[in-house]
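**Student:** Below is the structure I would like to discuss, written out as structure tokens.
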Amino acid sequence: MKVKKSDLKFTKSVIKDTSIRGGVGSRIFAISYADAAEVRLYGFGVRLPDALPLDAVGELAAHSRDKPNPCLKLDNGDILYGCECHWDIEEWWKQFLMGRKVVDASIVVDRALVRGMVKEPGKNAKIQ
């Protein structure tokens, strides 16, 4: 298949518009997981300068320890990194939600679950 110059211009403009995802200081939302019925929401917050995700957990985080990652500070004070969640700018939230049920999630509990410090997921899980 031959690629036309006009296709490249369109692709370039789409990438430019959607890859920025807000700079430092932008309002963001962060989620753990989403499917057709629900969204597990970590919360809303602010993007901080990129940082090494030393305390991040998960498969992607394991491969990102030596690479600066978007650092996100939620309104509740929790800090998480782009490599351990899905996130975007807050103004996209309503479009992203599309009528799905919102379930509260906690990065503190999810990290403890991965590290074996809790036995069951949930916002009120007891961390051992």
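**Student:** Give the residue that is farthest from ARG27 (Cα to Cα), with candidates limited to residues of region 56-86 that are among the acidic types (Asp, Glu) and surrounded by 12 or more Cβ atoms within 10 Å (Cβ to Cβ). Step through it out loud before you land on a result.
**Tutor:** Step one: filter region 56-86 for residues among the acidic types (Asp, Glu), giving 59, 66, 75, 78, 84.
Next, only the ones that are surrounded by 12 or more Cβ atoms within 10 Å (Cβ to Cβ) stay: 78, 84.
Details: ASP78: 15, GLU84: 18 Å.
Ranking the candidates gives GLU84 first.
**Student:** Give region 12-30 a look and list any residue that's modelled with pLDDT under 50 and among the small types (Gly, Ala, Ser), or say none.
**Tutor:** First, pick out the residues of region 12-30 that are modelled with pLDDT under 50: 12-19.
Matches in region 12-30: SER13, SER19.
**Student:** Please count how many residues of region 61-83 are in contact with a strand residue (DSSP E or B) (Cβ under 8 Å, 6 or more places away or on another chain) and of a type in the set (D, E, K, R). Before the answer, list the steps.
**Tutor:** Residues of region 61-83 that are in contact with a strand residue (DSSP E or B) (Cβ under 8 Å, 6 or more places away or on another chain), as a first pass: 61, 64, 68-76, 78-83.
From what is left, the residues that are of a type in the set (D, E, K, R) are 73, 75, 78.
The number of residues fulfilling the criteria is 3.
**Student:** Right, next: Could you list, ordered by first residue, the pairs with Cβ atoms under 6 Å in which the first is in region 14-39 and over 17 Å from GLY82 (Cβ atoms) and the second is modelled with pLDDT of 90 or more and of a type in the set (A, V, I, L, M, F, W, C), at least 6 apart or interchain?
**Tutor:** These pairs meet every condition: GLU38/VAL103; VAL39/ILE31; VAL39/VAL102.
**Student:** Testing LEU48 on (1) aliphatic (A, V, I, L, M); (2) in a loop (DSSP other than H, G, I, E, B); (3) touching a residue at least 12 places away in the same chain (Cβ under 8 Å), one condition comes back false. Which one is that?
**Tutor:** Of everything listed in (1) aliphatic (A, V, I, L, M); (2) in a loop (DSSP other than H, G, I, E, B); (3) touching a residue at least 12 places away in the same chain (Cβ under 8 Å), LEU48 misses just condition (2).
The values are calculated or read from the model by the stated rules, or taken from the named source; none is laboratory data. Because the structure is predicted, anything quoted here is derived from the model rather than measured. Don't worry about glycine lacking a Cβ; one is built from the backbone with ideal geometry, like all the others, and counts go over all protein chains shown.
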